[in-house]
1. For residues that are touching a helix residue (DSSP H, G or I) at 6+ places or on another chain (Cβ under 8 Å) and either in a loop (DSSP other than H, G, I, E, B) or open to solvent by 20 Å² or more (accessible area, probe 1.4 Å) (or both), tally how many sit in segment 305-331.
2. Is it true that GLU489 is open to solvent by 20 Å² or more (accessible area, probe 1.4 Å) and in contact with a Lys or Arg (Cβ under 6 Å, 6 or more places away or on another chain)?
3. Among (1) among the hydrophobic types (A, V, I, L, M, F, W, C); (2) open to solvent by 10 Å² or more (accessible area, probe 1.4 Å); (3) at pLDDT below 95, which single condition is CYS500 missing?
4. Look at segment 625-672 and say how many of its residues are aliphatic (A, V, I, L, M) and either under 23 Å from the mean Cα position of the chain (by Cα) or open to solvent by 30 Å² or more (accessible area, probe 1.4 Å) (or both).
5. Would you pick out the residues in segment 162-171 that are touching a helix residue (DSSP H, G or I) at 6+ places or on another chain (Cβ under 8 Å) and either on the phi > 0 side of the Ramachandran plot or assigned to a helix (DSSP H, G or I) (or both)?
6. Hey, any hits in segment 216-230 for a residue that's among the polar types (S, T, N, Q), buried (at least 24 other Cβ atoms within 10 Å of the Cβ) and over 30 Å from GLN391 (Cα atoms)?
7. If you take the residues in segment 77-90 that are touching a residue at least 40 places away in the same chain (Cβ under 8 Å) and part of a loop (DSSP other than H, G, I, E, B), which one is farthest from HIS36 (Cα to Cα)?
8. Scan segment 228-252 for residues that are assigned to a helix (DSSP H, G or I) and either in contact (Cβ under 8 Å) with a residue 60 or more places away in the chain or closer than 18 Å to ASN213 by Cβ (or both) and jot them down.
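The values are calculated or read from the model by the stated rules, or taken from the named source; none is laboratory data. Since the structure is predicted, the reported quantities are computational estimates derived from the model, not experimental observations. Cβ sites come from the backbone with ideal geometry, for glycine too, and all protein chains shown count toward neighbours. Heads up: the accessible areas ignore ligands, DNA and RNA and are worked out on the full protein's heavy atoms, side chains in. Shrake-Rupley method; radii C 1.70, N 1.55, O 1.52, S 1.80 Å.
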Amino acid sequence: MAETKYLFVEHERPFTYEEDGLTVTRGSAWSGPGCHLGCGVLLYTDAEGTLVKVEGDPENPYNQGRLCPRCLGLPEVTNHEDRLKYPLRRARADRGKDLWERISWDEAFDTIEKVFKDIKKESGPEAVLFMQGTGRDIAPYITRLCWSYGSPNFSLFLSGVACYVPRVIGLAGTFGAFLVPDCSQVHPDRYDNPEYVIPETIFVWGNNCVVSNSDGFFGHWVVDLMQRGSKLVVIDPRVTWLASRAELHLRVRPGTDAALALGMLNVIINEDLYDHDFVDRWCYGFEELAERVQEYPVDKVAQITWIPEEKIVEAARLLAKSKPATLQWGVAVDMTKEAIPAGQAISTLFAITGNIEVPGGMIVPPEILKYVGGWGKELLPADANTKRIGQDRYPLFASEAQPDCIVEQLESGEPYKVRAAWIQTSNFLSCMAADPQRLYNAMKDLEFIAYVDLFMTPTAMALADIVLPAATYPERNGIRLGDGAQRGETINKVTSIGECKSDMEINLELGKRLNPEAWPWDTVEEMFTFLLKDDTGMTFEELQEQAPAYPPFQYRRHEKGLLRKDGQPGFNTATGRIELWSTFYRNAGLDPLPYFEEPSPGPGATPELLDEYPLVLTTGARNWSMFHSEHRQIKRMRALHPDPIIQMNPKTVETLGLSNGQMVWVENQFGRAKRKIEATEAIDERMCSTDHAWWLPEGDPESFYDVFDLNINNLVQWSPGKSGFGSNYKTALCRVYPVDGRE
């Protein structure tokens with residue numbers, strides 16, 4: 001093995017061992033099914049190779065043995081009788097009908113290869129879309145499949161790519177790198193590391209992180225740090241478990257986070273509470289920022305956000321005096337139309353208070369592999385980007401097609417016709433797509449659609465011509481490095497179901513048919529080793545034995561020339577500083593300073609609608625037992641959350657003449673969705689909150705499992721922000737009335 005500087009955890013037990021007649025294999029939990037975290041797991045298989053139990057790995061520093069129900073319930077998913085186990089095909093004329101025939105992998109690949117090569121010859125590779133859902137550890141291989149085929153049109157069917165990416169792009173444009181809260185995750189010895197400092201205050205902003213987390217962040221670290229003395233400030237419209245234990249809970253009106261951040265900046269700057277030394281040495285554009293925040297006095301911000309003035313001031317002062325303070329934020333920031341300036345305003349709070357690149361503050365995660373923006377873009381033809389959908393309208397989209405523009409082009413056929421689609425890890429008619437009926441109508445006349453998933457879904461049933469069965473993570477090998485994660489890990493195969501193949505094996509085998517020079521590896525393990533070698537010096541098998549692997553880490557890298565390619569001190573921006581006034585945004589034709597824009601529709605932008613639609617609606621509330629549209633057919637998981645619910649304040653329920661547990665329609669001017677009322681004091685009387693991605697696997701396949709009755713995105717429109725990023729998934733207006741009431 002090549003010599004590396006990586007740090008490894010000393011395990012008491014080997015990578016695989018026997019226990020009570022079962023084989024135990026150490027690994028990490030990546031898709032599918034489940035979330036983006038990669039918790040350390042112990043996979044228990046019997047003599048027949050059946051996965052029978054999953055436990056947390058107490059020797060893994062990341063989660064230290066703790067698991068949520070999604071991992072604990074993994075055997076029921078992997079072994080489920082309704083799993084897709086073999087490739088399926090149906091005639092294009094039978095789309096939407098449950099008329100599938102089993103075919104071999106060779107037949108499936110032969111068909112896809114012929115169709116894609118014919119389209120490439122006749123119309124160019126750009127006429128094929130390559131679409132994914134949540135990325136987890138699979139996205140790099142999908143981008144390579146897309147780009148090696150020659151299509152620039154890789155994306156996802158989410159308006160404004162309103163999940164995670166706006167924060168990644170925004171931080172790259174202002175800080176020169178992504179930032180994560182320092183919860184000691186970069187250290188194998190975690191909280192015992194001598195350099196580590198406990199955050200004095202943690203701001204949890206738009207993220208119920210003990211239930212749902214972004215890539216590489218384990219929500220219970222917040223609880224760990226609270227137990228060690230950290231105070232908590234929670235910015236959330238709902239009273240969550242963390243909010244009930246916080247020093248301060250700011251119950252912000254959905255969609256007004258930017259106004260709150262600008263009001264806090266107003267306090268910190270006008271009361272001279274900012275870190276003068278850090279701002280003078282490492283920030284650019286402070287004077288312009290100070291002038292902009294005068295537009296957001298606290299009394300005005302209080303009216304906008306529904307938060308009392310004194311709480312806004314208290315939160316700002318607490319942030320300014322906390323040394324260090326850190327931030328864990330969620331998709332609530334991305335899922336507003338002007339997500340880019342909102343993220344800019346929030347992150348600026350931590351810049352001007354000097355909480356960047358310090359122990360316990362906000363840190364740039366160490367890179368292991370550099371495929372965060374995709375893998376294989378150099379394979380695209382020289383003129384490909386001129387054909388990337390949306391590139392002429394939204395210049396910040398440098399690697400992917402803009403999804404709102406994709407929908408428009410599917411409908412218009414201009415400037416060229418899209419003819420086919422490859423869809424992987426995405427049940428978009430249930431989960432991501434705004435106005436799903438519109439997207440269904442735009443997609444249903446494509447000449448050919450291939451689809452990869454674990455189960456038959458509404459999207460597959462409605463649109464696919466060929467369905468390929470993907471493996472769950474215990475059925476395949478894999479690696480996860482980069483993209484906010486702070487360690488290198490392997491996913492390890494312990495069982496097999498039917499003829500399922502891993503996502504990356506599917507990509508490799510199809511890639512070899514479409515462009516063999518771009519896919520020179522015989523096995524996925526060889527491909528993983530290729531990815532690992534340059535950065536880690538390890539083969540897949542070597543990492544498999546020793547994972548997790550921790551790269552070396554230093555604090556205050558901006559002072560040491562470790563964040564810039566030229567080796568000079570500073571940040572990786574055009575000015576070498578954190579750009580409070582962003583040259584990156586200015587060059588893209590955008591406002592270089594943060595600002596707030598009222599979400600529309602909304603009580604601030606369209607008050608005339610309040611008589612008909614009196615409640616502010618926020619969507620996408622997470623729950624323990626499901627990940628997006630997954631787990632609906634898993635009995636134990638479904639039992640924890642059997643129905644789509646809408647949370648409303650008991651006084652609101654009474655005022656509307658409704659009752660707890662009643663089935664209702666949630667409706668606005670765009671559409672409606674069916675829900676069951678859950679009355680709770682955790683919700684403000686002026687709003688309601690609902691979960692997302694609902695469908696009923698027990699429903700009629702040819703009604704697409706009732707997805708169009710249940711999808712809350714019926715109330716959401718394709719409408720991105722000025723940058724092309726962000727969309728109002730989490731802020732709308734609505735009314736609520738009984739299912740058996742007016743139609």
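1. Kept after step one, since they are touching a helix residue (DSSP H, G or I) at 6+ places or on another chain (Cβ under 8 Å), are these residues of segment 305-331: 305, 307-309, 312-313, 315-317, 319-320, 325-329.
From the residues that got through so far, the ones that are either in a loop (DSSP other than H, G, I, E, B) or open to solvent by 20 Å² or more (accessible area, probe 1.4 Å) (or both) too are 307-309, 313, 317.
Residues in segment 305-331 being touching a helix residue (DSSP H, G or I) at 6+ places or on another chain (Cβ under 8 Å) and either in a loop (DSSP other than H, G, I, E, B) or open to solvent by 20 Å² or more (accessible area, probe 1.4 Å) (or both): 5 in total.
2. Details: open to solvent by 20 Å² or more (accessible area, probe 1.4 Å): no; in contact with a Lys or Arg (Cβ under 6 Å, 6 or more places away or on another chain): yes.
Judged against the criteria, GLU489 is not a match.
3. Every condition holds for CYS500 apart from (3).
4. Looking only at segment 625-672, we keep the residues that are aliphatic (A, V, I, L, M), and these are 626, 634, 637, 639-640, 645-646, 648, 653, 656, 658, 663-664, 666.
Checking which are either under 23 Å from the mean Cα position of the chain (by Cα) or open to solvent by 30 Å² or more (accessible area, probe 1.4 Å) (or both) leaves us with 626, 634, 637, 639-640, 645-646, 656, 663.
Here the count works out to 9.
5. So in segment 162-171, the residues touching a helix residue (DSSP H, G or I) at 6+ places or on another chain (Cβ under 8 Å) come out as 162-167, 169-171.
Listed by number, the residues that qualify are TYR164, VAL165, PRO166, ARG167, ILE169, GLY170, LEU171.
6. Let us first name the residues in segment 216-230 that are among the polar types (S, T, N, Q), namely 227, 230.
Going one step further and asking which of them are buried (at least 24 other Cβ atoms within 10 Å of the Cβ), we end up with none.
So far as segment 216-230 goes, no, none of its residues is among the polar types (S, T, N, Q), buried (at least 24 other Cβ atoms within 10 Å of the Cβ) and over 30 Å from GLN391 (Cα atoms).
7. Of all residues in segment 77-90, those touching a residue at least 40 places away in the same chain (Cβ under 8 Å) come to 77-80, 82-90.
Within this subset, residues satisfying the condition of being part of a loop (DSSP other than H, G, I, E, B) are 79-80, 82, 84-87, 90.
Working: ASN79: 21, HIS80: 22, ASP82: 24, LEU84: 22, LYS85: 24, TYR86: 26, PRO87: 27, ARG90: 33 Å.
Per the criteria, the residue is ARG90.
8. Pass one, segment 228-252, residues assigned to a helix (DSSP H, G or I): 243-245.
Matches in segment 228-252: ALA243, ARG245.
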